[in-house]
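Heads up: the structure comes next, in structure tokens.
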Amino acid sequence: MRVFVIGIIGFFFSATVAFAADCTEQFSWKPNAETDIAGYKIHYGLTSGGPYTHSVDVGKLPTIGGRILTEVPSFSCGNYYYVVATAYNSVGEESDYSTQVGLLITAPSDESYPVIKNIISE
């Protein structure tokens, strides 16, 4: 089995209100240097340590200023979510979960910037 390592550093969150009860989170991280990265997924749920009941495949996006930037529009404002990220390669192998971060989803005036690091799969 080959080692599939990805380092997502500086995974940031900022909330914006999409609807009265829904919030959109913006995610940003440095892309992995591996040449066969096919995309990334964001997994989240309401329980620390999982299960992460929701996931969004954000695919492989172009970098902007050396970072990948995407949005996930399916969070409920006022909830506390636990979020992890994974990467997958061109043959569908998915990395282990990154470091978990907890995030209270609120309106834009209360921005939080937790960091997710070290998505590693062996």
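The values are calculated or read from the model by the stated rules, or taken from the named source; none is laboratory data. Small disclaimer: the values here were computed from a predicted structure and weren't measured. A quick note on method: Cβ atoms are made from the backbone with ideal geometry, for glycine too, and the neighbour counts reach across all protein chains shown.
Every residue, every condition in (1) surrounded by fewer than 16 Cβ atoms within 10 Å (Cβ to Cβ); (2) more than 13 Å from Ile105 (Cβ to Cβ), yes or no:
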position	(1), (2)
Pro31	no, yes
Thr35	yes, yes
Tyr40	no, yes
Tyr44	no, no
Ser48	yes, yes
His54	yes, no
Asp57	yes, yes
Ile64	yes, yes
Val84	no, yes
Open item on the list: Quick test of your reading of the structure: Glu25 fulfils all but one of (1) of a type in the set (D, E, K, R); (2) surrounded by 13 or more Cβ atoms within 10 Å (Cβ to Cβ); (3) out of contact with any Lys or Arg (no Cβ under 9 Å at 6 or more places or on another chain); (4) without any contact (Cβ under 8 Å) to a residue 60 or more places away in the chain. Name the failing condition by number.
Closed with: (4)
Task: Lone qualifier among Tyr113, Tyr44, Tyr82, Tyr52 - being at pLDDT 90 or above and in a loop (DSSP other than H, G, I, E, B) - done: Tyr52
Open item on the list: So for the stretch 62-73 (the condition being at pLDDT below 85, part of a strand (DSSP E or B) and closer than 18 Å to Gly50 by Cα), does at least one residue qualify?
Closed with: no
- [ ] Spot the failing condition for Ser28; the list is (1) touching a Gly at 6+ places or on another chain (Cβ under 8 Å); (2) modelled with pLDDT under 85; (3) assigned to a loop (DSSP other than H, G, I, E, B), and only one is missed.
- [x] (3)
Task: the stretch 85-104 - residue that is among the β-branched types (Val, Ile, Thr) and either modelled with pLDDT under 80 or not in a loop (DSSP other than H, G, I, E, B) (or both) and, of those, farthest from His43 (Cα to Cα) - done: Val101
